[in-house]
Amino acid sequence: MTIDTSTYFELDIKINPLIEDVVSEFFFSNFECEGVVLFEETYKDLECVSSTEGTLRIFLKNVDCEQIGDSISELKLELIERGLSSDEVGSFEYILEAKQNEDWSQKWKEKWEVTHVTERIAVVPDWIDYAPQKGEIIIKLEPGCAFGTGTHQTTQLCMKALEKYMNHGDFVADIGMGSGILGILAKKLGAKFVYGCDNDETVISVAKENALKNGLNLLTNLSADDGIYFEFNTADKINMQFNFVCANILHFVLVEIMKDLKNITKSGGYISLSGILDDKKQMVLDAILKENLEIVEEIHQDQWTSFVVKKSEG
């Protein structure tokens, strides 16, 4: 049964909060999803100020009830087949309720605040007025519209790596760009050219809109080399090389594309690898060593690990 447009759906699904971005991205890609809220944790300035049982609330329009149930089951099975345990996935029990269409499209925004990733970098929801501190880099985004809003630990780990290891004038790539946040940060940190790609075609327009919101020069083709360019693509099909490559993707994908990431990195260049649960890091380490990449730094935040690796010169 399809619900008419005078109502909307609230889908509450029990998950492990560690995979909130994966589940969110799935619903944005496959349904008319207007936003998500993770009720498990509320953060302010990187500190958890409240915590409840892991529940992701998803705001949906025009939903087929049977399709939702089948899709949730298929997603859970796919994650387990990809190497996550049942505990790492969560129960995936869910409640789907039709609601009267009040100002529901704004409800998911209520818990979002400014996220101070470092002393120098802040992510600001588009609807919040914020006066930056002197020298502070501000990234304006509409959280919830695509994977990578700056509040998740894995995104923050990549942002910290960019701040520390990227050089002014670098050519930077973001593989699996989602909202475009990492590419936007790279350009604001002084990168000359930024390339971002994703295998989810629906997020390309979102990333472009976010780049424009942040006052960046959005390129329409690859002939120019001073600006930011986003497209639907995968790492194995890229014919350029970069000084710095970001890949904030789950561990099993990093393992699969490690060789591709190495191929698009210039000699002496850096790769920031994130999206790795602590107890899955050995799989990624094995892939790093197999490609003879040098481990520069291992960074941890909560249950997540990130590696900064370097491609040998010559």
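The values are calculated or read from the model by the stated rules, or taken from the named source; none is laboratory data. Being a predicted model, the structure only gives us computed values, none of them experimental. Methodologically, a virtual Cβ is constructed for each residue, glycine included, from the backbone with ideal geometry; neighbour enumeration extends over all protein chains shown.
Answer yes if at least one residue in the stretch 170-180 is modelled with pLDDT of 95 or more and either touching a Pro at 6+ places or on another chain (Cβ under 7 Å) or not hydrophobic (A, V, I, L, M, F, W, C) (or both), and no otherwise. Steps first, please.
Residues of the stretch 170-180 that are modelled with pLDDT of 95 or more, as a first pass: 170-175.
Now narrow it down to the ones that are either touching a Pro at 6+ places or on another chain (Cβ under 7 Å) or not hydrophobic (A, V, I, L, M, F, W, C) (or both): 170, 174.
Yes.
Restrict the check to the stretch 210-225 and report whether at least one residue is touching a Cys at 6+ places or on another chain (Cβ under 9 Å) and either surrounded by 21 or more Cβ atoms within 10 Å (Cβ to Cβ) or assigned by TED's automatic domain parsing to the domain that holds Ile175 (or both).
Yes: one or more hits.
Criterion first (closer than 20 Å to Ala186 by Cβ and surrounded by fewer than 22 Cβ atoms within 10 Å (Cβ to Cβ)) does Asn292 satisfy it?
Numbers: closer than 20 Å to Ala186 by Cβ: no; surrounded by fewer than 22 Cβ atoms within 10 Å (Cβ to Cβ): yes.
Answer is no for this residue.
Could you list, in sequence order, the residues of the stretch 155-169 that are in contact with a helix residue (DSSP H, G or I) (Cβ under 7 Å, 6 or more places away or on another chain) and either under 14 Å from Ile121 (Cα atoms) or surrounded by 24 or more Cβ atoms within 10 Å (Cβ to Cβ) (or both)?
Thr155, Cys158, Met159, Leu162
If Lys280 passes every condition in (1) touching a residue at least 40 places away in the same chain (Cβ under 8 Å); (2) outside any helix (DSSP H, G or I); (3) surrounded by 18 or more Cβ atoms within 10 Å (Cβ to Cβ) but one, which one does it miss?
Among (1) touching a residue at least 40 places away in the same chain (Cβ under 8 Å); (2) outside any helix (DSSP H, G or I); (3) surrounded by 18 or more Cβ atoms within 10 Å (Cβ to Cβ), the lone unmet condition for Lys280 is (2).
Out of (1) in contact with a Ser or Thr (Cβ under 7 Å, 6 or more places away or on another chain); (2) on the phi > 0 side of the Ramachandran plot; (3) surrounded by fewer than 20 Cβ atoms within 10 Å (Cβ to Cβ), what's the single condition that is false for Gly268?
Here Gly268 meets the rest and fails (1).
In the list Leu96, Leu11, which residue meets the criterion of being part of a strand (DSSP E or B), buried (at least 20 other Cβ atoms within 10 Å of the Cβ) and at pLDDT 80 or above?
On the way: Leu96 fails: buried (at least 20 other Cβ atoms within 10 Å of the Cβ).
Going through Leu96, Leu11 in turn, the sole match is Leu11.
Out of the residues in the stretch 125-139 that are at pLDDT 90 or above and under 20 Å from the mean Cα position of the chain (by Cα), which is surrounded by the most Cβ atoms within 10 Å (Cβ to Cβ)?
Ile139
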